[in-house]
Amino acid sequence: QVQLVESGGGLARPGGSLRLSCSVSGSRFNMNVMGWYRQAPGKQRELVATITFGGSTNIVDSVKGRFTISRDNAKKTVYLQMSNLAPEDTAVYYCNAMIVGYSYWGQGTQVTVSS
């Protein structure tokens, strides 16, 4: 069974940094596209960034220049480096992986940005 496990969330001060990780297990296939989404209280889940197996990235404008997505295909892991965090970045962050046409989600990790 495919499982995605996220880690690295927590509390950060405005202007601070956090690094999220998401590791995939249980799949003998490569992950085509991996991505990070987030859901703030009272809001819909939204895309943050995606990265293809070959390393092409897509980052939404609201975090461009502050967040970086990367992946290690050998470790089946995707990362989200978040810098210059702001209170509006507070949300539950979810990892997503597309594997042979199926979409898998992690359980989410809380990121709170507050002074």
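The values are calculated or read from the model by the stated rules, or taken from the named source; none is laboratory data. Because the structure is a prediction, the values reported are computed rather than measured. Accessible surface areas use protein heavy atoms only, side chains included; no ligands, DNA or RNA. Shrake-Rupley method; radii C 1.70, N 1.55, O 1.52, S 1.80 Å.
Probe radius 1.4 Å, ligands and nucleic acids ignored: give me the carbon and sulfur share of the accessible area of the chain as a rounded percent. Intermediate values should be presented prior to the final figure.
Working: 2920 of 6130 Å².
Carbon-and-sulfur percentage of accessible area, whole number: 48.
Per-residue 3J(HN,Hα) values for the stretch 35-51, derived from phi via the Karplus relation 6.51 cos²θ - 1.76 cosθ + 1.60 with θ = phi - 60°, read x, 10, 10, 9, 9, 8, x, x, 10, 7, 5, 10, 5, 10, 6, 9, 8 Hz in sequence order (x marks Gly and Pro).
Given a 1.4 angstrom probe, what's the average accessible area per residue across the stretch 21-115, in square angstrom?
Details: 4920 Å² over 95 residues.
Spelled out: the 1.4 Å probe surface of the stretch 21-115, per residue, equals 52 Å².
Here the 3J(HN,Hα) profile of the stretch 6-18, calculated from phi with Karplus coefficients 6.51, -1.76 and 1.60 at θ = phi - 60°, is 9, 8, x, x, x, 9, 9, 7, x, x, x, 9, 9 Hz, Gly and Pro shown as x. Binning the C-alpha pair distances of the chain at 5 Å intervals from 0 yields a P(r) profile of 2, 13, 24, 26, 19, 10, 5, 1, 0 %, listed from the shortest bin outward.
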